[in-house]
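Everything on this sheet refers to the single structure shown next.
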Amino acid sequence: MRLDKFKNLFLCIIIWMKIVSACLVGLKTRYDGCSQTEESCVELLVSGKAIPLCPEQLGGLPTPRKRAEISDSDGNAVLSGDALVISEDGEDYTEHFIRGAEEVLKIALLVGSEEAILKEGSPSCGVGYIKRNGKKVKGMGVTAALLKSRGIKVRGQ
Ligand code: SF4
């Protein structure tokens, strides 16, 4: 009986866990080796309610790394095989981006996370927009698209 209570409490705690883009909590994971700290995300981390992850690092890319863009449409098109992720000098990063998105999804499912707070504009993490030729384009990054397709709420920051 006591064990059940403890188990339920534990489940309540992990349901609160949110996935957060690692660069938003101050980790220097961005392509240029910098972070993009958002105090609200740091507070979530400090209070034990966030798991910081960087899909591009989890996909096997180094930091710093070359800037990359989705060739057409957005992350949904990458997942369906209709677009590629290409680095600034023409290297195909598609496999890395998909692998990174899958790793983030794996963690989200393992901890039962129902929400992700992700960095806007990124070809992985963008929620409302990504960038193409340096301009904002409406659409999602690859990780945001995959999480959303699996019922996880995604919020841009
Ligand atoms: S992939 Fe996402 S978490 Fe990683 S640096 Fe880019 S925006 Fe931040």
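Just so it is clear, none of the values below were taken in a lab; they were calculated from the coordinates. Not measured: the values here are computed from a predicted model. Quick reminder, even Gly has a Cβ in these numbers, built from the backbone with ideal geometry, and neighbours come from all protein chains shown.
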(message) For segment 99-131, give me each residue that is closer than 24 Å to Ser35 by Cβ and among the aliphatic types (A, V, I, L, M).
(response) Ala101, Val104, Leu105, Ile107, Ala108, Val111, Ala116, Ile117, Leu118, Val127, Ile130
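The rows are residues; the columns are (1) touching an Asp or Glu at 6+ places or on another chain (Cβ under 8 Å); (2) in contact (Cβ under 8 Å) with a residue 24 or more places away in the chain; (3) among the charged types (D, E, K, R).
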{"residue": "Gly60", "(1), (2), (3)": "no, yes, no"}
{"residue": "Gly75", "(1), (2), (3)": "no, yes, no"}
{"residue": "Thr94", "(1), (2), (3)": "no, no, no"}
{"residue": "Lys106", "(1), (2), (3)": "no, no, yes"}
{"residue": "Val111", "(1), (2), (3)": "no, yes, no"}
{"residue": "Glu114", "(1), (2), (3)": "no, yes, yes"}
{"residue": "Lys119", "(1), (2), (3)": "no, yes, yes"}
{"residue": "Lys148", "(1), (2), (3)": "no, no, yes"}
(request) Provide a single number: the residues in segment 125-136 that are under 13 Å from Asn76 (Cβ atoms) and part of a strand (DSSP E or B). (result) 1
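Matching residues to (1) closer than 19 Å to Val127 by Cα; (2) of a type in the set (A, V, I, L, M, F, W, C):
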site: Ser40; (1), (2): yes, no
site: Leu45; (1), (2): no, yes
site: Ile51; (1), (2): yes, yes
site: Pro62; (1), (2): no, no
site: Ser87; (1), (2): no, no
site: Leu110; (1), (2): no, yes
